[in-house]
Amino acid sequence: MIEVRGLTKRYGDVLAVDDLTFAVRTGEVTGFLGPNGAGKSTTLRMVLGLDAATSGTATVGGRPYADQPAPLKAVGALLDAGAVLPSRTAYHHLLALAAGNGLPRGRVAEVLAEVGLEKVAGRRTGTYSLGMRQRLGIAAALLGDPPVLIFDEPLNGLDPEGIVWIRGLMRRMAAEGRAVLMSSHLMSEMALTADHLIVIGRGRLVADTGMKDFIEAHSVREVFVRTPRPAALRRLLAAGTDVRADGADGLVVSGLEAAEVGALAAAAGIELHELTPRQPSLEQAFMDLTRDSVEYQAEVA
Amino acid sequence: MTFRHALHAEWIKIRTMRSTLWIVLGTLAFCAGLAALNGTSAGDEYARLSAADRAAFDPLATSLRGYLLAQISVGLLGGLVITSEYGARTIVGTLTAVPHRARVLAAKAAVLTGLALPVGVLVSLTGFLIGQGTLAGAGVPHLALSDPEALRGVLGGGLYLALAGLFGLALGTVIRSTTATVTTLFGVLLIVQAFAPALPGAVGDWVAKYWPPMAGGQIITAYRDPALLSPWAGLAVMAGCVAALLAAGFLAFRRRDA
């Protein structure tokens with residue numbers, strides 16, 4: 001539904017987005033992941049026609065955003081929840097957007113109810129908390145009941161309840177057959193929400209893959225094992241496995257399943273005190289992937 | 001999606017902007033108050049004037065002098081129509097709802113004119129009526145609304161204020177900051193005017209005659225100074241300048257990233 005082809009944005013000498021090509025499918029939550037400054041927001045702004053591309057194209061449902069006959073019916077976007085006039089009420093904020101697309105007045109009340117703001121709709125948005133503004137931003141995205149939704153860092157600054165709510169909403173929107181594109185710089189958020197992953201670093205595409213495939217491809221299974229005879233166990237484990245010491249009596253084994261380590265130890269009569277498969281850290285996988293493309297990086301000694 | 005939808009959206013925005021009401025009421029109150037003050041004090045001054053000065057006494061301009069500040073406040077309203085969107089970053093929502101940028105700016109200009117023109121006429125009419133009333137009370141020459149220059153001054157004064165609003169909109173579109181827009185409005189509309197008499201010979205004469213806001217200000221005068229443009233020619237200079245700036249605003253708005 002969203003198609004980006006060879007999209008490039010240059011600011012002077014800086015390539016903010018560099019020949020980016022990807023597609024966002026319907027019925028899925030696609031995570032758009034990258035470190036800060038990777039070009040995620042710039043890409044989304046080009047998709048929405050807010051920034052002009054230096055070259056390349058971005059289309060939604062086959063046409064550029066600016067050519068949509070009723071844009072809010074084609075794409076709903078939350079780019080910046082803080083973008084409200086503080087002295088305007090939530091109701092009038094939404095009413096102006098709806099009017100611009102010829103949407104009926106009744107839609108405003110519907111989306112306000114959908115995000116749970118109907119009781120505070122007459123209050124000025126300046127009195128809103130961050131979470132309420134985020135809900136208002138989502139309400140604006142839903143106004144035209146669009147088949148494509150774009151959320152830029154929707155979970156930023158939200159309390160746990162708000163995060164759970166937005167996650168649920170995105171899952172529900174995808175289940176209804178919409179295409180949902182959500183950007184974030186946190187892998188852990190993606191793992192819980194996204195079906196598909198598009199990873200960029202320094203404006204370039206780093207990965208375009210299913211969430212499951214990504215986890216499998218970018219994480220090495222590890223097993224933590226504790227034994228009073230670490231040296232003996234270490235000798236026992238065959239070549240092709242990577243073993244490193246962890247504490248006085250602990251070993252971290254990669255390349256073998258926990259059961260295999262246990263069987264080898266039992267066969268050799270080596271006593272084990274602990275045998276734990278370790279969950280791969282997605283954050284680590286993501287950082288490994290984008291290490292070379294992080295714009296500002298602390299020196300690692 | 002049509003221009004009518006964009007107009008509707010902009011109308012909702014301008015009427016739910018808190019500054020709009022305060023600017024309109026403040027402008028009205030200021031112009032009415034100043035007309036009363038000027039009208040009253042003109043009585044004492046008129047008595048002391050020479051015959052030549054009495055011939056140049058302009059009851060119309062005396063009652064409409066409030067336009068000097070009104071042009072700033074209406075210009076500010078025009079500026080806010082777009083700078084408030086940049087300040088609050090709602091321009092992103094505006095342009096995602098209506099990506100056709102020329103349509104957005106045209107709708108803003110139309111809605112602003114639709115508000116500023118009647119408000120401008122009302123402000124001028126109020127100033128005129130109060131001003132002429134106090135002049136009459138002070139026993140100095142005054143005008144009735146049926147006098148031809150009176151109607152021209154009141155309607156033209158309204159037109160001038162609408163142009164000042166569009167001027168503010170054009171400035172705001174190019175500058176994008178409320179503060180910088182206000183500063184520029186003061187500079188262009190008031191400071192130059194205040195310093196024009198101090199400018200050397202030919203430059204001073206040229207500025208007094210052609211500087212758009214000064215030329216446009218001729219529309220509220222009943223006394224004709226042969227060194228200056230006629231009222232409608234002066235207003236045309238102002239309108240031309242605003243049109244050129246609006247064109248520049250359109251180009252900038254279309255070309256720049258939001």
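The values are calculated or read from the model by the stated rules, or taken from the named source; none is laboratory data. From a predicted model like this one, the values you see are computed outputs, not experimental measurements. Here Cβ is always computed from backbone atoms with ideal geometry, including for glycine, and neighbour counts include all displayed protein chains.
Mind counting the residues in region B:123-177 that are farther than 30 Å from B:Asp257 by Cα and not in a helix (DSSP H, G or I)?
Keep residues of region B:123-177 that are farther than 30 Å from B:Asp257 by Cα, which gives B:123-161.
Narrowing the set further to residues that are not in a helix (DSSP H, G or I) leaves B:139-147.
Within region B:123-177, residues that are farther than 30 Å from B:Asp257 by Cα and not in a helix (DSSP H, G or I) number 9.
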Does A:Thr54 satisfy the criteria of being hydroxyl-bearing (Ser, Thr, Tyr), more than 10 Å from chain B (Cβ to nearest Cβ) and under 22 Å from the mean Cα position of the chain (by Cα)? no
Any pair with Cβ under 9 angstrom, 6 or more apart, that starts in region A:236-255 at a residue that is in the same structural domain as A:Gly269 (by TED's automatic domain parsing) and ends at one that is of a type in the set (Gly, Ala, Ser) and in a strand (DSSP E or B): A:Thr241/A:Ser254; A:Asp242/A:Ser254; A:Val243/A:Ser254; A:Arg244/A:Ser254; A:Leu251/A:Ala245; A:Val252/A:Ala245
Criterion (assigned to a helix (DSSP H, G or I), hydrophobic (A, V, I, L, M, F, W, C) and more than 30 Å from B:Ala144 (Cα to Cα)) met by exactly one of B:Ile14, B:Ile23: B:Ile14
Close pairs (6 angstrom Cβ cut-off, 6 or more residues apart or separate chains): facing another protein chain (nearest Cβ under 7 Å) and crowded, with 20+ Cβ neighbours inside 10 Å in region B:1-18, in a helix (DSSP H, G or I) and among the basic types (Lys, Arg) anywhere: B:Ala6/B:Arg103
Output the residue which, of all residues in region A:15-48 that are surrounded by 21 or more Cβ atoms within 10 Å (Cβ to Cβ) and of a type in the set (D, E, K, R), is farthest from A:Pro146 (Cα to Cα). A:Lys40
Just checking, which of A:Arg105, A:Arg133, A:Arg178, A:Arg172 is out of contact with any strand residue (DSSP E or B) (no Cβ under 9 Å at 6 or more places or on another chain), surrounded by 17 or more Cβ atoms within 10 Å (Cβ to Cβ) and not polar (S, T, N, Q)? A:Arg133
Residues that are in contact with a strand residue (DSSP E or B) (Cβ under 9 Å, 6 or more places away or on another chain) and within 14 Å of chain A (Cβ to nearest Cβ): find the helices (runs of 4 or more DSSP H) completely inside region B:51-114 holding 1 or more of those. B:91-97
Given the residues A:Ala70, A:Ala38, which is the only one that is more than 9 Å from every other protein chain (Cβ to nearest Cβ) and at negative phi? A:Ala38
Any idea which of A:Gly6, A:Gly82, A:Gly12 is surrounded by fewer than 23 Cβ atoms within 10 Å (Cβ to Cβ) and more than 14 Å from chain B (Cβ to nearest Cβ)? A:Gly6
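Results for (1) surrounded by fewer than 23 Cβ atoms within 10 Å (Cβ to Cβ); (2) not small (Gly, Ala, Ser), shown as yes or no for each residue.
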site	(1), (2)
B:Gly66	no, no
B:Val74	no, yes
B:Glu85	no, yes
B:Ala136	yes, no
Check whether at least one residue in region B:98-112 is without any contact (Cβ under 8 Å) to a residue 24 or more places away in the chain and not aliphatic (A, V, I, L, M), and report yes or no. yes
Condition broken by A:Arg88, with the remaining ones in (1) within 7 Å of chain B (Cβ to nearest Cβ); (2) buried (at least 24 other Cβ atoms within 10 Å of the Cβ) satisfied: (2)
